[in-house]
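The values are calculated or read from the model by the stated rules, or taken from the named source; none is laboratory data. A quick note: this is a predicted structure, and the numbers were derived from the prediction, not measured. Here the Cβ positions follow ideal geometry from the backbone for every residue, glycine too, while neighbour counts run over all protein chains shown. Just the protein is used for accessible areas: all its heavy atoms, side chains included, with ligands, DNA and RNA removed. Shrake-Rupley method; radii C 1.70, N 1.55, O 1.52, S 1.80 Å.
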Amino acid sequence: MAKYKIAWLPGDGIGKDVLEAARIVLNKTQLDAEYIPGDIGWDCWRNEGDALPARTLELLKNVDAAMFGAITSKPVKAAAAELAPPLQNQGLTYRSPIVRMRQLFDLYVCLRPCKAYPGNPLNFKEGIDLVVFRENTEDLYAGVEFGPVPQELADTLSKLAKSFAPFAALPAAEYAVSCKINTRAGSERIARAAFEFVRKHHRKKVTVVHKANVVRATDGLFLETAKAVAKEFPDIQTDDANIDAMTMWLLKNPFNYDVLVAPNLYGDIISDLCAQMVGGLGFGCSVNIGSKLAVFEPTHGSAPKYAGQYKVNPIATVLAAKMMLDWLGETAKGQALERAVAEVIKEGKVGTYDMGGSNTTLEMAEAIAAKL
Ligand SMILES: NC(=O)c1ccc[n+]([C@@H]2O[C@H](COP(=O)([O-])OP(=O)(O)OC[C@H]3O[C@@H](n4cnc5c(N)ncnc54)[C@H](O)[C@@H]3O)[C@@H](O)[C@H]2O)c1
């Protein structure tokens, strides 16, 4: 029996291309693993009415880790229109399977390292080394949304919030409400994860990202809680910034920042920005961590226009595989893999389209594997 069981979830679109590439590299590391395929994504939604079928949930309960490619997500009406004819008008509602997976398995940490590998012509600046900790289960992704808005909710909001007055007389279908829900416990555990990471990896500083000056209740709670956690780590520098200013400061002075911790939506936004500063989505890797399961993935989505063309950059996914090796305790393999990626980038002989090259997804994987 293999030492590790890894759920293998390509999803759809370029998720399939990049996971095929990651497997070439993982095979070369000789990780003693059984890779168990699982279904997730758009085809599952269209044909079964569930983008994250029960059999995949069962699989995820019985593995050491999961590698996930990407899925296509569409707004509710567009998703309903694409259901197979027998599933139409059955009251099925689409929800992103990755958001569901994060919530069902309480994968509350989304950790996204963004490191400029030397010599990457796409680096915004050489030497950038940022890590984003995105809260992964709450905030505007809680899934508590209303559109049209039920009269009962409108009546309650009218009663409880004076600031609701401009909306109170609107017909139900003329507005929508998405609830941003942040808890003290959720804010505390993501802040703690960020500070513990800084301590473990001998880094310097945590910056708390928020918009507490305007979104006072939820972001106020997030900021207040993160500041309380910071007091337990007096050896680590802490500061905070509003999300809007943060995007400007990150571009202006990226070296002033180290580890960033943010509620779900702001974390999503800054992770794409940070990924772009180190080469773009082809370099942004990510892990969703809970107490029992960790799901490793590239930050990017399914990029449907490139699906099946083996054109996109697999480095993001290969770096996610590197994080998986570290997480499994296979750190020597993880380090070797990162060195191989760094060498290929530095040599500059092999590059996918985003790097200005013409190599395929699988050629890039073979080049990395050849360095191992
Ligand atoms: N975790 C996920 O699975 C995830 C994340 C984000 C978006 N999505 C979904 O993916 C679909 C497409 O979304 P999108 O177009 O906004 O974002 P995307 O990340 O799929 O792609 C945006 C663009 O980034 C570039 N890009 C992405 N990955 C790349 C790679 N590996 N190499 C080179 N270039 C790359 C391409 O130019 C692409 O068109 C949507 O349905 C969206 O909901 C899924």
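With all protein chains present, how much of the accessible area of the chain (probe radius 1.4 Å) comes from carbon and sulfur, to the nearest whole percent?
Accessible surface attributable to carbon and sulfur in the chain totals 54 percent.
If the chain between Lys204 and Gln237 were fully stretched, how many nm would it gain, using 0.36 nm times the residue separation less the Cα-Cα distance?
11.3 nm
Could you tell me which trypsin sites (Lys or Arg not before Pro) in the stretch 245-335 are loop residues by DSSP with no more than 15 other beta carbons within 10 angstrom of their beta carbon?
Those that pass, being in a loop and sparsely packed, are Lys292.
Computed from the mean reciprocal separation of all distinct C-alpha pairs, what Kirkwood hydrodynamic radius does the stretch 38-94 have, in Å?
12.1
Just want to confirm a number: the relative contact order over the stretch 213-328, from Cα pairs under 8 angstrom separated by 6+ residues, in percent. Mind dumping the intermediate values first?
Details: 80 pairs, mean separation 20.0, N = 116.
For the stretch 213-328, the relative contact order is 17 percent.
Please report, in whole Å, how far the alpha carbons of the stretch 238-372 spread along each principal axis, starting with the longest.
Rounded to whole Å, the extents work out to 43, 35, 29 Å.
Rounded, prolate or oblate: which one fits the stretch 182-292, using the alpha carbon gyration tensor with axes a ≥ b ≥ c (rounded when a/c is under 1.5, else prolate when a/b beats b/c, else oblate)? Write down the numbers at each step before the final one.
Numbers: a/c = 1.36, a/b = 1.20, b/c = 1.14.
Rounded shape, in that the Cα axes give a/c under 1.5.
Eight or more residues apart or on different chains, and alpha-carbon atoms under 23 Å: count the Lys pairs in the stretch 215-372 matching that.
The number of close lysine pairs in the stretch 215-372 is 14.
Run the dipole for the stretch 126-258 about the Cα centre, Lys and Arg Cβ at +1, Asp and Glu Cβ at -1, nothing else charged, and hand back the magnitude in debye, nearest 20.
Using Cβ point charges on Lys, Arg, Asp and Glu, the stretch 126-258 gives about 360 debye.
How many percent of DSSP beta bridges within the chain run antiparallel, rounded to 5?
45
Give me the net charge for the shell around Glu82: Cβ to Cβ below 11 angstrom, other residues only, Lys and Arg +1, Asp and Glu -1.
Combined, the nearby Lys, Arg, Asp and Glu give +2.
Counting each DSSP H run of 4 or more residues in the chain as -39500 (n - 2.57), what helix-only mean residue ellipticity at 222 nm follows after dividing by all residues, to the nearest 500 deg cm²/dmol?
Computed ellipticity for the chain at 222 nm equals -12500 deg cm²/dmol.
If amide H atoms are built 1.01 Å from N in the plane of the peptide, which residues on other chains or at least 5 residues away come under 5 Å of the amide H of Val278?
Under 5 Å from the amide H of Val278 lie the amide H atoms of Phe124, each far enough along the sequence or on another chain.
Quick one: compute the contact order of the stretch 2-159, relative version, from alpha carbon pairs under 8 angstrom and 6+ residues apart, as a percent.
Numbers: 215 pairs, mean separation 32.0, N = 158.
Here the relative contact order equals 20 percent.
For the stretch 255-294, report the translational diffusion coefficient in µm²/s to the nearest whole number, using Stokes-Einstein at 10 °C, 1.306 mPa s, and a Kirkwood Rh over Cα pairs. Walk me through the intermediate numbers first.
Values: Rh = 11.5 Å.
Estimated diffusion coefficient is 138 µm²/s.
Taking Cα pairs under 8 Å and at least six residues apart, what relative contact order does the stretch 88-164 come out at, in percent? Write out the running numbers ahead of the final one.
Details: 58 pairs, mean separation 19.3, N = 77.
Worked out over the stretch 88-164, it gives 25 percent.
For the stretch 214-372, report the accessible area per residue in Å² (1.4 Å probe, heavy atoms, rounded to an integer).
Accessible area per residue, the stretch 214-372: 41 Å².
Binned at 5 Å from 0, what are the whole-percent values of the Cα-Cα distance distribution for the stretch 1-101, short to long?
Whole-percent P(r) values from 0 Å outward: 2, 13, 22, 21, 16, 11, 7, 4, 3, 0.
Using a cut-off of 10 Å between beta-carbons, work out the net charge of the residues near Val261 (Lys and Arg +1, Asp and Glu -1, Val261 not included). Please report the intermediate quantities before stating the final value.
Values: positive: Arg134, Arg192; negative: Glu135, Asp240.
Summing Lys and Arg as +1 and Asp and Glu as -1 gives 0.
Could you pull out the pairs from Lys16/Lys61; Lys28/Lys74; Lys16/Lys74 whose alpha carbons sit more than 30 Å apart here?
Beyond 30 Å between Cα atoms: Lys28/Lys74.
Quick check for me: using +1 on Lys/Arg Cβ and -1 on Asp/Glu Cβ, what's the dipole size of the stretch 70-208 about its Cα centre, in debye to the nearest 20?
720
With a 1.4 Å probe and all protein chains left in place, how much accessible area per residue does the stretch 91-175 have, in Å²?
That works out to 51 Å² for each residue.
How long are the semi-axes of the ellipsoid equivalent to the stretch 315-372, from square roots of 5 times the Cα gyration tensor eigenvalues, in whole Å, largest first? All intermediate terms of the calculation are to be shown ahead of the outcome.
Values: eigenvalues 94, 23, 14 Å².
Those come to 22, 11, 8 Å.
Quick check: pseudo-label points 7 Å beyond the Cα along Cα→Cβ at Met248 and Gln276, how many nm apart are they?
Between Met248 and Gln276, the simple spin-label model gives 1.6 nm.
Tell me, which longest segment in the chain has none of the GluC sites (Glu not before Pro) that fall in DSSP loops with at most 16 further Cβ atoms within 10 Å?
The longest such stretch corresponds to 233-372.
Lysines within cross-link reach of Lys159: Cα-Cα under 22 Å, excluding same-chain residues under 8 positions apart?
Lys180
For Tyr306 and Cys179 in one chain, what is 0.36 nm times their gap in residues minus the Cα-Cα distance, to one decimal in nm?
42.3 nm
Report the gain in length on full extension from Glu82 to Leu157: 0.36 nm times residue separation, minus Cα-Cα distance, nm rounded to one decimal.
23.5 nm
May I ask you to work out the translational diffusion coefficient for the stretch 218-268 at 4 °C, viscosity 1.567 mPa s, via Stokes-Einstein with Rh from the Kirkwood sum over Cα pairs, reported in whole µm²/s?
Translational D for this selection: 108 µm²/s.
Under the rule a/c < 1.5 gives rounded, and otherwise a/b versus b/c splits prolate from oblate, where does the chain land using the Cα gyration tensor?
oblate
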